[in-house]
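Scroll down for the structure; my scribbles are underneath it.
Since every read-out is calculated from the coordinates, none of them should be taken as a lab result. This one's a predicted model, so the numbers in the text were calculated from it and none came from an experiment. Methodologically, a virtual Cβ is constructed for each residue, glycine included, from the backbone with ideal geometry; neighbour enumeration extends over all protein chains shown.
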Amino acid sequence: MRQLVLGSSSPFRAELLAKLHLPFVTASPDIDESVHQGEAADALVLRLAQQKARAVARDFDNALIIGSDQVAVIDGQILGKPGNHETAVQQLRSASSKSVTFLTGLALFNSHSNTMQSIVEPFTVHFRRLSDAQIDCYLRQEQPYQCAGSFKSEGFGISLFSRLEGNDPNALVGLPLIQLIQMLDNEGVDVLQTVNT
């Protein structure tokens, strides 16, 4: 099996990839993540996932390299990472009683054959009606200021939702494993037969 490389410094993505019981290394891609003028959210995450995989490939000439990028979208607007309490309050107020769609771009680049597989995986979160007191309580408990949308779905953030909708709950955290398993299979890596070999 070719070396598997996760082109990400995210501990959340590494934790997800570890579920597959495959040996892998991580490498941090150094790319400009700016949005291009007029670029749609799905085009943005697909482009960045591919760029991350290609950027990491410079250091790995015979590897399968995973690139991933994610944005949250509400009412057609991209939500970034809040960075602080006040911005997080604003984001969760705007999400109250609404739906937020997370778009995750996933790319698998074979640096030996110079071939790329890539997709965009959507996942939608439907929010409960939230009071300011509930929002403040949640934010002070979990402090998700480096998370797009101002919550951690894998933690206490589950208390904010009325319903989740999508094919793969891992996509919400940032790495769609079901699609990744199919991409690896296309490269001849059968996850179920590679474990402990």
Open item on the list: Could you work out how much longer the chain between Ser94 and Ile119 gets when fully extended? Use 0.36 nm per residue separation minus the Cα distance between them, nm to one decimal.
Closed with: 6.2 nm
Open item on the list: Springs between alpha-carbon pairs under 10 angstrom, Gaussian network model over the chain: which of Arg128, Arg54, Arg13 fluctuates most?
Closed with: Arg128
Open item on the list: For a quick check, take a GNM of the chain with Cα springs below 10 Å and name the residue from Asp61, Asp168, Asp32 with the largest mean-square fluctuation.
Closed with: Asp32
Open item on the list: At R0 = 30 Å, how high is the FRET efficiency between His126 and Phe24 if r is their beta carbon distance? Nearest 0.05 is fine.
Closed with: 0.35
TODO: Pick out the long, greasy-scoring helices in the chain: whole DSSP H runs spanning 30 Å or more along their own axis by Cα, mean Kyte-Doolittle at least -0.5.
DONE: none
TODO: Specify the residue with the greatest mean-square fluctuation among Val120, Val56, Val25, computed from a Gaussian network of the chain linking alpha-carbon atoms under 10 Å apart.
DONE: Val25
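Run the numbers on the chain and let me know its relative contact order in percent, using alpha-carbon pairs under 8 Å that are six or more apart. Don't skip to the end; give the middle numbers.
Values: 387 pairs, mean separation 43.1, N = 197.
In percent, rounded to a whole number, it is 22.
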- [ ] Treating cross-link reach as a plain straight distance, find the lysines whose alpha-carbon is under 28 Å from the alpha-carbon of Lys52, omitting any fewer than eight places away in the same chain.
- [x] Lys19, Lys81, Lys152
Task: Share of alpha-carbon pairs per 5 Å distance bin for segment 46-197, given as whole % - done: 2, 10, 17, 18, 16, 12, 10, 8, 5, 2, 0
Open item on the list: If I model a spin label as a point 7 Å beyond the Cα along the Cα-Cβ vector, how far apart are those points for Thr194 and Val35 in nm?
Closed with: 3.5
Task: FRET efficiency, 1/(1 + (r/R0)^6) with R0 30 Å, evaluated for Glu165 and Gln141 via beta carbons - done: 0.75
